[in-house]
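Read the structure below first, then the notes.
Each value in this text was obtained by applying a stated rule to the coordinates, not by laboratory testing. Computed from a prediction, not measured in an experiment: that's the story for all the values here. When we count neighbours, we look across all protein chains shown, and the Cβ atoms used for this are built from the backbone with ideal geometry, even at glycine.
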Amino acid sequence: MSITGQVLRRNLPENVEVFDDSPSGSLELHVLAVDDSVVDRMVIERLLKISSCKVTTVESGTRALQYLGLDGEKGPVGFDGLKVNLIMTDYSMPGMTGYELLKKIKGSSVLREIPVVIMSSENVLARIDRCLEEGAEEFLLKPVKLSDVRRLKDFITRGEGKDSGERINHKRKREDDYASSSSPSSPSSSVLSASSSSSSASSSLSSSARLSKRAKLRNKD
Amino acid sequence: MDVMSQLQRQWLEHSAFLRKEGYLDDQFEQLQKLQDESSPDFVIEVVSIFFDDSEKLLSNMARALEQKVVDFKQVDAHVHQFKGSSASIGAMRVKNVCIEFRNYCEAQNLEECLRCTRKLQFEYSVLKNQLEYLFRLEQQIRAAGG
């Protein structure tokens, strides 16, 4: 736990608070949820709160960057006192899409360690691949369920950030997305799929490797 | 049967009816799971927001389709939003009309788009009435001590 705390504090200004140890000993995550739909913001906020997370919701990528202190004007200034442990963003938003937001976050030396999860109502393979390649931890199909949030939370609190290359590739996929069940890889019980560091992951991931990752996830469902 | 049991049975029957007829799907149940003592009115609150949002979107769609030169991408954007929010609360029939609607937007078929708007308006109104009835039952149950 302290190792994770140190890693997360690495790039942060001094006054920022990291994990909040609740009495039960479990960590309370602070999640920044980005969605232009007011209905979806309400639902995701409730999903996260009921999962014992602190939540901040914003309606756009621009607002998200402002909140994170990376709106270009001031540079990466301090947060509002509360560190963000996870960003969940809708993909289709007017103005800056979730994908563009993801790129900006991963392109920032201060923010790139924060895991980003993309949510979308549309199950478009090319879109999923693009997001994963850009460094998204996961791609969730909307509407997001409690089980998705629980799974995410488990992954994040288990120690993401220990190794910048480790990434859970845990998309929940519909059964009929797969032509056959004869996938090359066997499902492993370990949650983290250790991959090479994020900068080379995109180029080294062949389409068959991606397919096998997706198949692995389907079996876990 | 006492009042409470009667009300509860009515609530259960109406919920089952809404599910069976496809007005609502699993997602509505998911929302109900998110309601608890710390947030006892969650479902009503979200659905109220959904109603406000929907009415705005329906109005925007209608206006966009009235333009001399219809911007189908704009119409589609509104429908896409409506599809998203209806999916989020489990409004299956409404969502399905949105899916159909989007195809016509892509085809830039004005007549079909107008038909879809009417269909959407209809499905939305029916759903609204159904849910308001369900919520009234809930209020009565609570008032009776449930």
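Brief remarks on what is shown
- Pairwise FRET efficiency - A:K49 versus B:L110, Cβ, R0 = 35 Å, nearest 0.05: 0.20
- Unit charges at the beta carbon, dipole of chain B: most positive-side option, B:A91, B:F101, B:I141: B:F101
- With neighbour counts taken as other beta-carbon atoms within 10 Å, the residues B:L114, A:L111 rank, fewest first, as B:L114, A:L111.
- Amide H to amide H, with H built 1.01 Å from N, A:L140 comes under 5 Å of A:I118, A:M119, A:S120, counting only residues 5 or more places away or on other chains.
- Binned Cα-Cα distances of segment B:58-112, short to long, each 5 Å bin given as a whole percent: 5, 22, 32, 24, 12, 5, 1
- Mean separation of Cα contacts under 8 Å (6+ apart) over length of segment A:79-121, as relative contact order %: 51
- Pairs over the 29 Å Cα-Cα cut-off, from the set A:K83/A:K142; A:K83/B:K56; A:K54/B:K20; A:K54/A:K104: A:K83/B:K56; A:K54/B:K20.
- Proximity of backbone amide H atoms, modeled 1.01 Å from N, is registered between A:H30 and A:K54, A:N85, A:L86 at under 5 Å, excluding neighbours fewer than 5 places apart on the same chain.
- Kirkwood-based Rg to Rh ratio, chain B, C-alpha trace: 1.06
- The 3J(HN,Hα) values that the Karplus relation (6.51, -1.76, 1.60; θ = phi - 60°) gives for segment B:65-80 are, in residue order, 7, 7, 4, 4, 10, 6, 8, 5, 5, 5, 4, 4, 4, 5, 5, 4 Hz. Gly and Pro appear as x.
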